[in-house]
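Have a look at the structure below before the remarks.
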Amino acid sequence: MKIGILTAMSVEYRQVAAMLRETEECQHGPQHYLTGTLGKNQIVLQQCGIGKVNAATGVTDLILNFHPDCIISTGVAGGIDKVLRVMDVVVGRETCYHDVWCGDGCDPGQVQGLPTHFVGDPHLLSATEGLDTEVRIVPGLICTGDQFITSRDELQRIKGEFPEALAVDMESAAIAQVCHLHGLPFLSFRIISDTPGAEAHFEQYLDFWATMADRSFRVTRAFLERI
């Protein structure tokens, strides 16, 4: 299987790149890629950049140039439910936007003419079940917006509109929308690096990268090897 993987940040990209073998680098327009193998799968890895526009343009370029069998968005997200702890993994059973409003006749988060929630691919979701890892894997809703959430008020607004939401990020729903339009299987696989609204929230995020990231990304490898 050929798997396209997108990360937003260089720290995430390096974690995934270290898993690959027989690697080669290439460039298509503004996008830089690392291709390689992981288990029996071919991997096409791209650091798309932060935010919805970067994510959408990045995954579109990847799809058109490499024709993958599926797309995975991986990296970190903020946990916004009390059931989650730092280092837990949320897999996107669904993704949606928390910063979109298209007016009367549309649900909060819905782009007119598109689903309110984008559903994660059932086959990819099933591959996350029963992984032998040291972290918890929790399926649920990931909400996407062009904001790094730090404010408790903003967190409460999102949770009020989307009470079932488990995590927030800045890319997953945009990638899901492009994959929906192309009819391509997609799943967001996100490690919880911080809990917005908590005291010393930004310090918590920095501490994740300083002390926990290497251990946390082992679950990403286990998931990709199982697909």
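The values are calculated or read from the model by the stated rules, or taken from the named source; none is laboratory data. Only a predicted model underlies this, so the values are computations on that prediction, with no experimental measurement involved. Every residue, glycine among them, receives a Cβ derived from its backbone with ideal geometry; neighbour counts consider all protein chains shown.
Assorted remarks:
- Flag if Phe148 is among the hydrophobic types (A, V, I, L, M, F, W, C), out of contact with any Pro (no Cβ under 7 Å at 6 or more places or on another chain) and crowded, with 22+ Cβ neighbours inside 10 Å: no
- The set of residues in segment 91-129 that are touching a Phe, Trp or Tyr at 6+ places or on another chain (Cβ under 8 Å) and hydrophobic (A, V, I, L, M, F, W, C) comprises Val91, Cys96, Val111, Phe118, Leu124, Ala127.
- Taken as a whole, the structure places Thr128 among residues that are under 18 Å from the mean Cα position of the chain (by Cα), part of a loop (DSSP other than H, G, I, E, B) and of a type in the set (Ser, Thr, Tyr).
- Residue selected from segment 59-73 under the condition in contact (Cβ under 8 Å) with a residue 60 or more places away in the chain and of a type outside the set (A, V, I, L, M, F, W, C), by the criterion nearest to Val219 (Cα to Cα): Ser73
- Complete set of residues in segment 18-31 that are surrounded by 13 or more Cβ atoms within 10 Å (Cβ to Cβ) and at pLDDT below 95: Met19, His28, Gln31
- Figure legend. Inter-residue proximity from segment 173-192: first residues over 20 Å from Tyr13 (Cα atoms) and surrounded by fewer than 24 Cβ atoms within 10 Å (Cβ to Cβ), second residues acidic (Asp, Glu) and at pLDDT 95 or above, beta-carbon distance below 6 Å, spacing 6+ or different chains. Indicated pairs: Pro185/Asp121.
- Complete set of residues in segment 1-29 that are free of Cβ contacts under 8 Å to residues at least 12 places away in the same chain and over 18 Å from Arg218 (Cβ atoms): Glu25, Cys26, Gln27
- Within segment 4-18, the set of residues being under 14 Å from the mean Cα position of the chain (by Cα) and either basic (Lys, Arg) or outside any helix (DSSP H, G or I) (or both) comprises Gly4, Ile5, Leu6, Thr7, Ala8, Met9.
- Only one of the numbered conditions (1) surrounded by fewer than 22 Cβ atoms within 10 Å (Cβ to Cβ); (2) within 18 Å of the chain's Cα centre (by Cα); (3) closer than 29 Å to Asn41 by Cβ is not met by Asp81, and that is (3).
- Members of segment 159-170 that are more than 18 Å from Ser193 (Cα to Cα) and touching a Gly at 6+ places or on another chain (Cβ under 8 Å): Glu161, Phe162, Glu164
- Among the residues of segment 145-172, the ones that are in contact (Cβ under 8 Å) with a residue 60 or more places away in the chain, assigned to a helix (DSSP H, G or I) and out of contact with any Cys (no Cβ under 7 Å at 6 or more places or on another chain) come to 4 in all.
- Residue in segment 187-207 that is modelled with pLDDT of 95 or more, assigned to a loop (DSSP other than H, G, I, E, B) and under 22 Å from Leu6 (Cβ atoms) present: no
- Cross-chain or 6+ apart pairs with Cβ under 6 Å, segment 113-133 first and over 20 Å from Thr144 (Cβ atoms), then outside any helix (DSSP H, G or I): Ala127/Ile227
- Flag for Ile50 being within 15 Å of the chain's Cα centre (by Cα) and either over 18 Å from Leu184 (Cβ atoms) or without any contact (Cβ under 8 Å) to a residue 60 or more places away in the chain (or both): yes
- Taking segment 55-73 as the range and being part of a helix (DSSP H, G or I), among the polar types (S, T, N, Q) and either in contact with a His (Cβ under 9 Å, 6 or more places away or on another chain) or buried (at least 18 other Cβ atoms within 10 Å of the Cβ) (or both) as the test, the residues that pass are Thr60, Asn65.
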